[in-house]
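Coordinate-derived values only; no laboratory data. Fair warning: this is a prediction, and the values are worked out from it, not measured in the lab. Using ideal geometry, Cβ is built from the backbone for each residue, glycine included, and neighbour counts are taken over all protein chains shown.
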Amino acid sequence: MSQTVNRFIQDGNGPGTTSEQELYESLIEENIRFSGVEIFYIPRTSVRTDNIFNEDILSSFTSSFALEMMPDNTSSFGGSGLIMGRLGLTLEQEVILFASRKRFVEVTGLPYPNIGDLLWLPFAKKLFEILNVDYETPFYQVGKSMVFGIRAQVFDYTHQPFTTGVPEVDSLGDVLENDGDTMIDPDAQNDAIETEADGILDFSEENPFGRF
Amino acid sequence: MLDGISPYYFASVRKTVTAFGTLFNNIKMARTAEVNGAGTTIKTIKVPIAYAPAQSYISWLRGAHSISRSTDGEAVISKTLPRMAYALKSMTFDKARSLSSMGRINNSTETLIGSPANRSTVKSMLQPMPWNFDFELLIVSKNLDDGYNIMEQILPNFKPTFPLTVNFVPGLELKLDVPVIFNGITQSDNYELQIGEKRLITWTLDFTAKSYIFPPLSDVGLIKRVINPMFSDTDPTIAPEPVVTVITEVNPFEAEINDPYTVIQEEIEGSGVREATVSASGESDAFGVSG
């Protein structure tokens, strides 16, 4: 056996014994329950994987799990906030949330949070997409990693179906859909452009993309 | 120097911007059960488009991130993808298309809005100034397949030009073709960014619309008489006087644009100054010729 660490104090996997780790983990869990917020974890279901472009554009979201998490920053969201760009005004906020590993596994049945899954923050009415999961910060206190640090940014909706059981999320398609001829996207100007063009374009010319 | 002209505005830039936008305002893309566009169509999406420059408070009030969404109990998101945006980048004078500065465009048949139905003048303007409008069209997507789906519906229609016919000046019936030329495309994809950033793929398509800017309209009298002296030679030293003078005019001469009239023509030998035009009865007199 290696003698590089003091075996009277620890077993070689960092300071702390199993009982100490369990105590520490329960304290973390209690602290998050005490001071955290209720978040809905929404796992992604991959529907059609494109093995050339390495993407799945037919994902669906069919379930959600209420779980307590602790915000890393309790004063504000991170990120750039509102940005005025070529796509108009977009919200580029991010958040880092800590979840107890033990509680996450218990509630979701998943071994860990996945990049691409979503978080619904009911208190802010905002939907976030997980972009990174840090499972080593804090760095193995008392010899064990006990939390997931989940970094997420406000979600870009790409017309996926939602049947998560969270009404605000499931109605995304109702309020932002551009399905077929229906155009209710609040940022879209398709109809305004068409109405304006009706008075100035010579309709004898054929539009290759359909009617003007 | 330019003052003293009554205010006028044909919104030529606005019309060109609108006409360009309407090329792309009805593009739909289908998501299918299998890759390569095969299989059942799962969803058809009409791709939203917007003119990129905007006042921030307008976007604030109607955007997908709007604060009103959260108060209305709707989920706040960042943006909806895929989507398109376009903007007018620059304008340059197109000297190659420039016509004579003295040429005029007249409205002789249509009733101009705001003008009396019957009149002895017509609306007229000097030749429009040809300007090239450089546009960029952005296709923004979260994944490659959506973007290519949209792009492949646009590119085949520009060879590399697609003509639009725009009615620029109401009442003048001035319908001009505005060829829209596709110049090229660039693609940016931030997939190489450190993990922790959202992926955004942008295709930038560059176009040039060969459009026009218009000078003011003015009232000019109707041409009721044309005197056409015809010479036997183009050299005035050989043929100083016309052999015959053809005079064409409206009868009765007082007729306005909507009055009944006929056109009469008379040939007179030599040259001369016309001395009589129309009799009181409306019949054409013989033209007095001197010299």
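Here are the numbers for the structure shown:
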| quantity | calculated |
| --- | --- |
| Residue pairs, from the table B:K175/B:K210; B:K15/B:K210; B:K89/B:K198, whose Cα atoms sit over 19 Å apart | B:K89/B:K198 |
| A:Y112 versus B:M230: modelled label distance in nm, points set 7 Å from Cα along the beta carbon direction | 9.7 |
| Tail beyond 26 Å, pair distance distribution of the range B:146-262 (Cα, percent) | 63 |
| Label-point separation in nm, B:I264 to B:V35, each point 7 Å along Cα→Cβ | 8.4 |
| Cα-based radius of gyration of the range A:33-95 once divided by 2.2 N^0.38 Å, which approximates compact folds | 1.56 |
| Using a Förster distance of 25 Å, the FRET efficiency for A:I83-A:D191 (Cβ separation, nearest 0.05) | 0.45 |
| Descending semi-axes in Å of chain A, equivalent ellipsoid built from Cα gyration tensor | 47, 17, 16 |
| Residues in the range B:138-156 reached by a label modelled at B:T186 [backbone nitrogen below 14 Å; 7 Å Cα→Cβ] | B:138-139 |
| Exposure proxy order (Cβ contacts within 10 Å, fewest to most) of B:V166, A:V37 | A:V37, B:V166 |
| Sorted peptide list for B:74-80, B:239-245, criterion being average Cβ within 10 angstrom, highest first | B:74-80, B:239-245 |
| Euclidean distance of C-alpha centroids, the range A:138-201 and the range A:85-120, integer Å | 15 |
| Rg/Rh ratio calculated on Cα atoms of the protein assembly as shown (Kirkwood radius) | 1.25 |
| 10 Å Cβ neighbours from other chains, averaged over peptide A:55-66 | 2 |
| Neighbouring partner chain Cβ atoms per residue of A:156-163, average, 10 Å criterion | 6 |
| Among B:176-184, B:30-38, the order from most to least packed when residues are scored by Cβ within 10 Å on average | B:176-184, B:30-38 |
| Calculated FRET value between B:Q127 and B:Y57, using beta carbons and R₀ = 41 Å, to 0.05 | 0.50 |
| Spatially proximal lysines relative to B:K224 (Cα-Cα < 22 Å; intrachain offsets below 8 disregarded) | B:K123 |
| Per-peptide average of other Cβ atoms within 10 Å, ordering B:151-162, A:123-134 highest first | A:123-134, B:151-162 |
| Residue-averaged beta-carbon neighbours from other chains (10 angstrom radius) around B:79-92 | 4 |
